[in-house]
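Peer 1: Supplied in structure tokens, the structure appears directly below.
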Amino acid sequence: MQKESYTLEEATRKLEGYCAYQDRCHKEVVKKLRDMGMIPIAIDTIIAHLIKENYLNEERFAQSFARGKFNIKKWGKGRITAELKFREISGFNIQTALKEIEEAQYLETFDALAKKRLREIKEKDIQKRKKKLADYLLYRGWESHLVYDKVNELIT
């Protein structure tokens, strides 16, 4: 089966649509271009065009990623940071993205999530309840000092 091939112009238009639909990071765009069979010089040319035309902006991607994962998935800053690092986002852009999350809203969401999860835990043993709640919150990327303080506050 022959792989479909693209001209530079076709690939550029296709990637403009790909980036316009949703903010993307450079790593995703490069992978998409490689999957399309583009050669390295074409990839560099297209990436430069996308950046110049503001289709591709890592700072904007990081900010919308952080907002979305916090607001929709209720992730903590640790998990958001890890996911952005996995996507090869710079430390500066990660810090900028985390500023998108207001501290008061962050703590409010954390409190609500912890209380909601505690209601769902059916375990009777206090130590096991504490462990289940802590593991859940830590997995979602909430800071350990917040998690352990909250677990001790909610389960006595």
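Peer 1: Among the residues of segment 87-96, are any of a type in the set (D, E, K, R), modelled with pLDDT of 95 or more and either assigned to a helix (DSSP H, G or I) or in contact with a helix residue (DSSP H, G or I) (Cβ under 6 Å, 6 or more places away or on another chain) (or both)? Full working, then the answer.
Peer 2: Step one: list which residues in segment 87-96 are of a type in the set (D, E, K, R), which gives 87-88.
So of that shortlist, the ones also modelled with pLDDT of 95 or more come out as 87-88.
Still in the list and also either assigned to a helix (DSSP H, G or I) or in contact with a helix residue (DSSP H, G or I) (Cβ under 6 Å, 6 or more places away or on another chain) (or both): 87-88.
The answer is yes, given that some residue of segment 87-96 is of a type in the set (D, E, K, R), modelled with pLDDT of 95 or more and either assigned to a helix (DSSP H, G or I) or in contact with a helix residue (DSSP H, G or I) (Cβ under 6 Å, 6 or more places away or on another chain) (or both).
Peer 1: Now for a different question. Would you point out which residue out of LYS77, LYS69, LYS27 is within 30 Å of THR156 (Cα to Cα), in contact with an Asp or Glu (Cβ under 8 Å, 6 or more places away or on another chain) and either surrounded by 12 or more Cβ atoms within 10 Å (Cβ to Cβ) or of a type in the set (Asp, Glu) (or both)? Break it down stepwise before answering.
Peer 2: Details: LYS69 fails: within 30 Å of THR156 (Cα to Cα); LYS27 fails: within 30 Å of THR156 (Cα to Cα).
Selected residue: LYS77, the only one of LYS77, LYS69, LYS27 that is within 30 Å of THR156 (Cα to Cα), in contact with an Asp or Glu (Cβ under 8 Å, 6 or more places away or on another chain) and either surrounded by 12 or more Cβ atoms within 10 Å (Cβ to Cβ) or of a type in the set (Asp, Glu) (or both).
Peer 1: In addition: Out of everything in segment 111-137 that is touching a helix residue (DSSP H, G or I) at 6+ places or on another chain (Cβ under 6 Å) and in contact (Cβ under 8 Å) with a residue 24 or more places away in the chain, what residue ends up being surrounded by the most Cβ atoms within 10 Å (Cβ to Cβ)? Outline the logic, then answer.
Peer 2: As a first pass, look at segment 111-137 and keep what is touching a helix residue (DSSP H, G or I) at 6+ places or on another chain (Cβ under 6 Å): 114, 117-118, 121, 123, 130, 133-134, 136-137.
After this cut, where a residue has to be in contact (Cβ under 8 Å) with a residue 24 or more places away in the chain as well, the list is 114, 118, 130, 137.
Working: ALA114: 20, LEU118: 17, LYS130: 19, LEU137: 23.
Filtering first and then ranking leaves LEU137.
Peer 1: Among the numbered criteria (1) without any contact (Cβ under 8 Å) to a residue 40 or more places away in the chain; (2) under 22 Å from the mean Cα position of the chain (by Cα); (3) assigned to a helix (DSSP H, G or I); (4) surrounded by 15 or more Cβ atoms within 10 Å (Cβ to Cβ), which one does ILE46 miss?
Peer 2: Among (1) without any contact (Cβ under 8 Å) to a residue 40 or more places away in the chain; (2) under 22 Å from the mean Cα position of the chain (by Cα); (3) assigned to a helix (DSSP H, G or I); (4) surrounded by 15 or more Cβ atoms within 10 Å (Cβ to Cβ), ILE46 violates only (2).
Peer 1: Taking only segment 30-43 into account, find how many residues are in a helix (DSSP H, G or I) and exposed (fewer than 15 other Cβ atoms within 10 Å of the Cβ).
Peer 2: Looking only at segment 30-43, we keep the residues that are in a helix (DSSP H, G or I), and these are 30-35, 40-43.
From the residues that got through so far, the ones that are exposed (fewer than 15 other Cβ atoms within 10 Å of the Cβ) too are 31, 34-35, 40-41.
Qualifying residue count, segment 30-43: 5.
Peer 1: Looking only at residues in segment 83-106 that are of a type outside the set (D, E, K, R) and surrounded by fewer than 11 Cβ atoms within 10 Å (Cβ to Cβ), which one is farthest from the chain's Cα centre (by Cα)?
Peer 2: Taking segment 83-106 as the starting set, the residues that turn out to be of a type outside the set (D, E, K, R) are 84, 86, 89-98, 101, 104-106.
After this cut, where a residue has to be surrounded by fewer than 11 Cβ atoms within 10 Å (Cβ to Cβ) as well, the list is 86, 91, 104.
Details: PHE86: 9, GLY91: 14, ALA104: 20 Å.
Step by step, filter segment 83-106, then rank; the result is ALA104.
The values are calculated or read from the model by the stated rules, or taken from the named source; none is laboratory data. Note that the structure is a prediction, hence the values are computed from the model and not measured. Note that each Cβ is placed from the backbone with ideal geometry, even for glycine, and that neighbours are counted across all protein chains shown.
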